[in-house]
1. Filter the stretch 1-22 down to the residues that are open to solvent by 60 Å² or more (accessible area, probe 1.4 Å) and in contact with a His (Cβ under 6 Å, 6 or more places away or on another chain) and list them by number.
2. For the stretch 269-376, list the helices (runs of 4 or more DSSP H) that sit wholly inside it and hold at least 1 residues that are of a type in the set (Gly, Ala, Ser) and open to solvent by 30 Å² or more (accessible area, probe 1.4 Å); which are they?
3. Can you pull out every residue in the stretch 23-47 that is open to solvent by 30 Å² or more (accessible area, probe 1.4 Å) and of a type in the set (D, E, K, R)?
4. Note down all Cβ pairs under 6 Å where the first residue falls in the stretch 227-252 and is closer than 12 Å to residue 15 by Cα, the second is of a type in the set (S, T, N, Q), and they're at least six residues apart or on different chains.
5. If you scan the stretch 134-160, which residues turn out to be under 23 Å from residue 29 (Cα atoms) and buried (at least 17 other Cβ atoms within 10 Å of the Cβ)?
6. Looking at the stretch 23-49 only, could you name the residues that are over 24 Å from the mean Cα position of the chain (by Cα) and in a helix (DSSP H, G or I)?
7. Residue by residue through the stretch 166-185, note down the ones that are part of a loop (DSSP other than H, G, I, E, B), surrounded by fewer than 18 Cβ atoms within 10 Å (Cβ to Cβ) and touching a residue at least 24 places away in the same chain (Cβ under 8 Å).
8. Going by the structure shown, is residue 120 open to solvent by 30 Å² or more (accessible area, probe 1.4 Å) and within 28 Å of residue 150 (Cα to Cα)?
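The values are calculated or read from the model by the stated rules, or taken from the named source; none is laboratory data. All values reported here derive from a predicted model rather than from experimental measurement. A quick note on method: Cβ atoms are made from the backbone with ideal geometry, for glycine too, and the neighbour counts reach across all protein chains shown. The accessibility values were calculated without ligands, DNA or RNA, using every heavy atom of the protein model including side chains. Shrake-Rupley method; radii C 1.70, N 1.55, O 1.52, S 1.80 Å.
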Amino acid sequence: MSDGPVLRSSVRLHHGPGSAARLADELSRLGSRRPALLAPRSVAHDPGLRALLGGAAGRPYAIVESSLAQHSPIESVLAAAERLRAAGADAIVVAGGGSAIVTARATAIVLADGPEFRRPGTAPRLPIVVLPTTPTTASVKAGTAVTERGLMRRRAMLDPATRATALIVDPRLLASTPPALVRDAGLTTLVMAVEGLTTRRRDAEAEQALGRAVLELPDLLRRAATEPADLGVRTRLVLAAAAVGDATDATGGALTAAIAHTVGHVTGGHNGPVDAVVLPHALRLCAQRDPASLDRLAAVLGCAPVAVPLACTRLLEGIVPVNGLAELGVSREDVPALAATALMDPAARGTTFQPVVEELEDVLLAALAGPVDAHR
């Protein structure tokens, strides 16, 4: 087993071939006799993966819950919580990508505090063990956000008590994920690493981890696309995502994250392509409003702060599946509402200056057409 990232959080990390077998030990450490398995249908209904997860637990699951959905809608969270309560589950095993992991955290909150989902309470949460299938930063985070049908704004909450007790990265689970989903999750991870170096919150240790990720992830994502059967590459991506998730708990996110949260929820697609299209335009706004906010990122990229937006466009070349937000179904008519909602997202407060809605509208309009280039 190769060395993994050093995480500052208390999450226990297992990775490498056969690491799923550590699940039984982790459940024993928690004193769990009736764990629940939360997984998307693609995992829960796959006979091989179902057998792997069943054998690895070392005890029967109280329930297998697979009615999960992209962007963690509150309806699916409430339904999962009710079924886990009825089954008497005493721990949660979640095997899946970011939405599944966030849904598991939200379910633990609802089980403890009720369906209002307003602010963290003091009641004990069910412990969570995470087996990721994508390179998602959600695997080690403490934040949770749910969406509601008909509303653009998400409901977000920070609850450290729902952070995973253990992270188990088994290549057999990673093999089940389509290459496009690996790419999209990896794009969000890369963009979070980039933007984490521009926020108002400073943390030298976290910034070192983010700088390494910014330099490492583009090559890993290109290799994952050209060598989809290389599970070593996928494992490295997942471990890098854990490091970025851990680091950005300290630095936070900023405008790109706020916009992607909003656009992804409205369009129903993965946040990754939105993140990648919006990032250079958001960085261009940073260069105009507060060039010093790009100093740390510029040092990593080896360029002047004013050149950072174009450098990030080039960093993403050959990885992003679309040229602009228009290809994702966003229109000019959508822009005012999207900008106003993104400005209310908690991540928007991470930037070093106070943006106004007109500036976010300009970012979105520019991102409709395509990437930043040298002539804009």
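1. 22
2. Here the list reads 295-301, 335-344, 357-369.
3. Within the stretch 23-47, 25, 29, 33, 34, 41, 46 meet the criteria.
4. Every condition considered, the pairs that remain are 242/139.
5. 138, 139, 140, 141, 142, 159, listed by residue number.
6. 24, 25, 27, 28, 29, 30, 47, 48 - these are the residues of the stretch 23-49 that are over 24 Å from the mean Cα position of the chain (by Cα) and in a helix (DSSP H, G or I).
7. 175, 176
8. Yes: the conditions hold for residue 120.
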